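Report on one structure; see the data block that follows.
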Amino acid sequence: MVEKDLKKQREQVMKQIEALGFQLLKEIENKGNPHLDIPVRGSSNVSFDEKNKKIILGDKVAHRYLFNVSHARKFMQTMLVASYVQKDLLKDNLTATLRDLYYAKKRTIEGTKEETIEEQKESDLAIVDFEVALETFRERLHLRAEPKGRMAGDVVIKDFVRDRESVIDLSKLGSGGLAIPSIVEQIEFKKVDIDYVLVAEKNAIFDRLNEDEYWRKNKCLLMTTAGQAARGTRRLLQRISTELKLPIYCLTDADPYGWYIYSTMKYGSMALAHESERLGCKEMKFLGMSITDIENYDLTKVTIKAKDVDIKRAEEIKGYAWFKTKEWQAEINKFLEKKIKAEIQSLSSKNLQYISTTYLPNKIKEQDFLP
């Protein structure tokens with residue numbers, strides 16, 4: 001079923017690209033100015049949907065014209081992306097990295113000293129322009145980022161690669177776990193013997209909990225985002241939440257940056273507001289760490305003094321609509337008052353396995369979460 005769905009999606013995107021091409025060709029034949037309609041992705045076109053708990057993109061649209069000096073370069077770059085996706089990837093059912101596309105389309109324009117693409121940042125932005133213009137997403141364009149994040153647990157998945165499939169038991173992958181791929185639409189859940197998902201911000205915490213076999217003893221799927229969560233990880237979490245109906249708990253440092261990492265997984269992000277529907281995991285709960293935990297678990301001697309940049313970030317997120325609950329406002333105010341933060345690893349000051357044997361079991365048993 002997954003393989004058929006993927007084929008159908010691929011054919012649909014190819015038809016969309018073809019339709020866009022014919023539209024531009026028609027405008028040229030009619031001696032018009034070929035243009036692309038690209039939704040505006042700035043903060044002025046982003047809002048928070050309180051009812052559905054997600055950050056959404058508004059309806060403002062920018063019109064990008066070929067025969068406009070300020071638009072022409074970006075127009076050309078978007079067309080280079082379209083060509084590569086259609087002819088080099090979708091047609092032959094191949095995937096490529098963002099870096100592959102950059103090198104495939106980077107060249108000096110004949111008769112000039114101009115480069116089609118100077119830096120990868122330009123092609124990355126063109127990819128986002130193209131996906132929002134088609135109202136699709138990067139993964140359906142068969143473009144992938146480098147894998148980021150890992151997972152381990154009593155879960156068996158089936159992974160499709162073109163016409164091949166692999167069955168992977170996440171409980172038998174040793175200390176490293178399974179790298180979470182950039183594209184996860186092809187993953188099918190075959191066996192799921194877990195009660196919840198625990199997402200840790202840091203690789204070091206994943207390694208600690210994996211070595212302690214926390215996932216086996218507590219029947220959970222253990223994941224790490226290795227910092228800010230990649231799209232593949234966020235999409236997989238959203239699928240687990242909606243398809244398997246499992247609770248998902250997030251564990252980050254007790255600082256504004258950790259809390260924002262949590263919020264992007266739960267509600268989406270301003271930069272990817274057009275993807276919130278498939279990346280947001282609105283049922284996720286914040287397990288810790290919090291400033292309150294510093295007091296409750298007697299960690300005051302192992303805190304870190306907040307820097308000006310931390311305080312500024314806290315003041316910023318305090319104003320975000322998705323942090324306006326009374327619980328989060330109280331937590332952020334406590335941070336601003338005390339001007340301290342704590343890393344998850346500070347729990348090791350108790351003992352190396354304190355996080356596995358005491359902190360996490362207590363927090364989950366008491367349902368000590370932030371919304």
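The values are calculated or read from the model by the stated rules, or taken from the named source; none is laboratory data. Everything numeric here is computed off the predicted structure, so don't read it as measured data. Don't worry about glycine lacking a Cβ; one is built from the backbone with ideal geometry, like all the others, and counts go over all protein chains shown. These accessible areas exclude ligands, DNA and RNA; they are computed on the full protein's heavy atoms, side chains included. Shrake-Rupley method; radii C 1.70, N 1.55, O 1.52, S 1.80 Å.
Values computed for the structure shown
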item: Computed [θ] at 222 nm, helices only, for the chain once each DSSP H run of length n ≥ 4 contributes -39500 (n - 2.57); result: -11500 deg cm²/dmol
item: Span from the the range 26-63 Cα centroid across to the the range 90-131 one, whole angstrom; result: 22 Å
item: Rounded accessible area per residue of the chain, 1.4 Å, Å²; result: 49 Å²
item: Trypsin sites (Lys or Arg not before Pro) restricted to DSSP loop in the range 148-187 with at most 15 other C-beta within 10 Å; result: Arg162
item: Cβ crowding within 10 Å averaged over residues, with 75-85, 189-199 ranked highest first; result: 75-85, 189-199
item: Above-threshold pairs, the threshold being 29 Å between Cα atoms, out of Lys8/Lys190; Lys54/Lys91; Lys53/Lys74; Lys148/Lys334; Lys51/Lys334; result: Lys54/Lys91; Lys53/Lys74; Lys148/Lys334
item: Spin-label model distance (nm) - Asp159 vs Lys350, 7 Å beyond Cα toward Cβ; result: 3.4 nm
item: Percent breakdown of C-alpha pair distances by 10 Å bin, ordered from the shortest bin, for the chain; result: 5, 21, 28, 23, 15, 6, 1, 0
item: Heavy-atom accessible surface of the range 1-148: percent carbon and sulfur, 1.4 Å; result: 52 percent
item: Loop-resident sites, the range 309-371, for trypsin sites (Lys or Arg not before Pro), counting at most 16 other Cβ within 10 Å (DSSP); result: Lys324, Lys339, Lys350
item: For the range 69-139, convex hull of alpha carbons as volume per residue, Å³; result: 90 Å³
item: Neighbour cut-off at most 16 other Cβ (10 Å), DSSP loop, trypsin sites (Lys or Arg not before Pro), the range 19-54; result: Lys31, Lys51
item: Among Val132, Leu178, Gly153 the positive-end extreme of the charge dipole of the range 110-216 (Cβ point charges); result: Gly153
item: Dipole magnitude of the range 52-94, debye to nearest 20 (Cβ charges: Lys/Arg +1, Asp/Glu -1, about Cα centre); result: 220 debye
item: Percent RCO, i.e. relative contact order, over the chain, from Cα pairs under 8 Å lying at least 6 residues apart; result: 14 percent
item: 12 Å beta-carbon shell around Gly58, net charge (K/R +1, D/E -1); result: 0
item: The range 173-330 shape via C-alpha gyration tensor axes, a/c threshold 1.5; result: oblate
item: The range 87-195: relative contact order as a whole-number percent, Cα under 8 Å and 6+ apart; result: 24 percent
item: The range 166-291 - percent of accessible surface contributed by carbon and sulfur, probe 1.4 Å; result: 49 percent
item: Cα-based shape type of the range 22-93, given that a ≥ b ≥ c are square roots of the gyration tensor eigenvalues and the cut on a/c is 1.5; result: oblate
item: Rounded if a/c under 1.5, otherwise prolate or oblate - the range 251-371, Cα gyration tensor axes; result: oblate
item: Around Thr225: net Lys/Arg minus Asp/Glu count, Cβ-Cβ under 10 Å; result: +3
item: Calculated FRET value between Glu27 and Asp195, using beta carbons and R₀ = 35 Å, to 0.05; result: 0.05
